[in-house]
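The values are calculated or read from the model by the stated rules, or taken from the named source; none is laboratory data. In this text the structure is predicted, and so the values were computed from the model without any measurement. Cβ sites come from the backbone with ideal geometry, for glycine too, and all protein chains shown count toward neighbours.
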Ligand code: PMV
């Protein structure tokens, strides 16, 4: 069977950085995210008797080496569960630049998990899909359920998965992504997680995470945008402090990232309530209320470093299309 699935990227409000179990991809801390409406991956998978090897095409080009191996390893996990031997043809398209801190591995592995498992004849539950997607890329488990999502740490593979806290239409929070760089990052987040604990600040960050997660859940529940935004911004800076102080240090920011963070603060002081968050890349995610999106977009047009703006609302999770 040939199946196509579409999955959104997600933006983490509380970030996942560092693992407590490398092999199982169990995170060191819980995280919370929102699926993004305008940045997604669409993936088609077909198992075929005639194929000798898996073929993997991403954004129009056959990939090789490490990039291909990661996909093939994921197909192996699915073949094992489905007891299928056939090789697969995988074709995946992103509607945004990949590897620049817009969670392409999240949308990519979420779409691959649903398309490949269905094409292999499996009918997995949301929880099973989330567990499986996590094995491909940690944050991918959060692109499976709808809307506002929590990934609980878990102690075993089966208990570390994401679930929906609120549906997509729960709150009209937006993520205005300001693209300042489209160059692929030099150090992948997969590698970054493995050195997170070399930062002297890592333990301190992890020790405060439980409280931060419950604070953010409470702010979400009460739709308290100020509290929510403050925690989001603080956690992003906190994560980047760990990244910058790990060994070797990881600087995902560019000068434009700093420039924009100062802009966001100044807009806030002028009465446009917005906060920033940044993943493993230089691009800025500006979190705001829907009513302020156009004003922020206009302001971004005056910032020279900004090449492109993508305005996202909260979205549903992965689906077969
Ligand atoms: O799932 P990974 O290995 O790509 O890690 C994601 C890491 C961050 O994007 C920086 C944070 C997060 O929680 O999404």
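Would you mind telling me which numbered condition in (1) over 18 Å from the mean Cα position of the chain (by Cα); (2) more than 16 Å from the ligand (Cβ to nearest atom); (3) outside any helix (DSSP H, G or I) residue 316 fails?
For residue 316, the exception is condition (1).
Would you be able to say whether some residue in region 56-67 is under 17 Å from residue 144 (Cβ atoms) and buried (at least 19 other Cβ atoms within 10 Å of the Cβ)?
Of region 56-67, the ones under 17 Å from residue 144 (Cβ atoms) are none.
No, region 56-67 has no match at all.
I need the full set of residues from region 166-191 which are more than 16 Å from the ligand (Cβ to nearest atom), surrounded by fewer than 19 Cβ atoms within 10 Å (Cβ to Cβ) and more than 23 Å from residue 32 (Cβ to Cβ), in order please.
182, 183
Condition check: within 15 Å of residue 42 (Cβ to Cβ) and either in contact with a strand residue (DSSP E or B) (Cβ under 8 Å, 6 or more places away or on another chain) or within 13 Å of the ligand (Cβ to nearest atom) (or both). Does residue 148 satisfy that?
No.
Which residue pairs have Cβ atoms under 6 Å apart, sit 6 or more places apart or on different chains, and have a first residue in region 197-226 that is without any contact (Cβ under 8 Å) to a residue 24 or more places away in the chain and a second that is part of a helix (DSSP H, G or I) and buried (at least 18 other Cβ atoms within 10 Å of the Cβ)?
Once the first residue is without any contact (Cβ under 8 Å) to a residue 24 or more places away in the chain and sits in region 197-226, its partners that are part of a helix (DSSP H, G or I) and buried (at least 18 other Cβ atoms within 10 Å of the Cβ) give 215/231; 219/228.
Hey, among 75, 26, 36, which residue is away from the ligand (no atom under 14 Å from the Cβ) and either without any contact (Cβ under 8 Å) to a residue 24 or more places away in the chain or in contact with a strand residue (DSSP E or B) (Cβ under 6 Å, 6 or more places away or on another chain) (or both)? Break it down stepwise before answering.
On the way: 26 fails: away from the ligand (no atom under 14 Å from the Cβ); 36 fails: away from the ligand (no atom under 14 Å from the Cβ).
Matching residue, one of 75, 26, 36: 75.
Which of the residues belonging to region 1-23 are out of contact with any helix residue (DSSP H, G or I) (no Cβ under 6 Å at 6 or more places or on another chain) and near the ligand (Cβ under 8 Å from one of its atoms)?
11, 12
Out of (1) surrounded by fewer than 20 Cβ atoms within 10 Å (Cβ to Cβ); (2) within 24 Å of residue 179 (Cα to Cα); (3) in contact with a helix residue (DSSP H, G or I) (Cβ under 8 Å, 6 or more places away or on another chain), what's the single condition that is false for residue 26?
Tallying (1) surrounded by fewer than 20 Cβ atoms within 10 Å (Cβ to Cβ); (2) within 24 Å of residue 179 (Cα to Cα); (3) in contact with a helix residue (DSSP H, G or I) (Cβ under 8 Å, 6 or more places away or on another chain), residue 26 fails exactly one: (2).
Please give the number of the condition residue 78 fails out of (1) part of a helix (DSSP H, G or I); (2) modelled with pLDDT under 95; (3) surrounded by 19 or more Cβ atoms within 10 Å (Cβ to Cβ).
In the conditions (1) part of a helix (DSSP H, G or I); (2) modelled with pLDDT under 95; (3) surrounded by 19 or more Cβ atoms within 10 Å (Cβ to Cβ), residue 78 misses (2) alone.
Might you let me know whether region 125-145 holds any residue that is farther than 18 Å from residue 32 by Cα, modelled with pLDDT of 95 or more and out of contact with any helix residue (DSSP H, G or I) (no Cβ under 8 Å at 6 or more places or on another chain)?
Within region 125-145, one or more residues are farther than 18 Å from residue 32 by Cα, modelled with pLDDT of 95 or more and out of contact with any helix residue (DSSP H, G or I) (no Cβ under 8 Å at 6 or more places or on another chain).
Before we move on, is residue 157 within 16 Å of the ligand (Cβ to nearest atom), farther than 17 Å from residue 26 by Cα and surrounded by fewer than 21 Cβ atoms within 10 Å (Cβ to Cβ)? Step through it out loud before you land on a result.
Values: within 16 Å of the ligand (Cβ to nearest atom): yes; farther than 17 Å from residue 26 by Cα: no; surrounded by fewer than 21 Cβ atoms within 10 Å (Cβ to Cβ): yes.
Taking the combined requirement at face value, the residue does not satisfy it.
With the condition kept exactly as written, say whether any residue in region 212-220 is within 14 Å of the ligand (Cβ to nearest atom), at pLDDT 95 or above and in contact with a helix residue (DSSP H, G or I) (Cβ under 9 Å, 6 or more places away or on another chain). Can you show your working first?
First, pick out the residues of region 212-220 that are within 14 Å of the ligand (Cβ to nearest atom): 212-213, 216.
In the following step, the residues that additionally are at pLDDT 95 or above were identified as 212-213, 216.
From the residues that got through so far, the ones that are in contact with a helix residue (DSSP H, G or I) (Cβ under 9 Å, 6 or more places away or on another chain) too are 212, 216.
Yes: region 212-220 contains one or more residues that are within 14 Å of the ligand (Cβ to nearest atom), at pLDDT 95 or above and in contact with a helix residue (DSSP H, G or I) (Cβ under 9 Å, 6 or more places away or on another chain).
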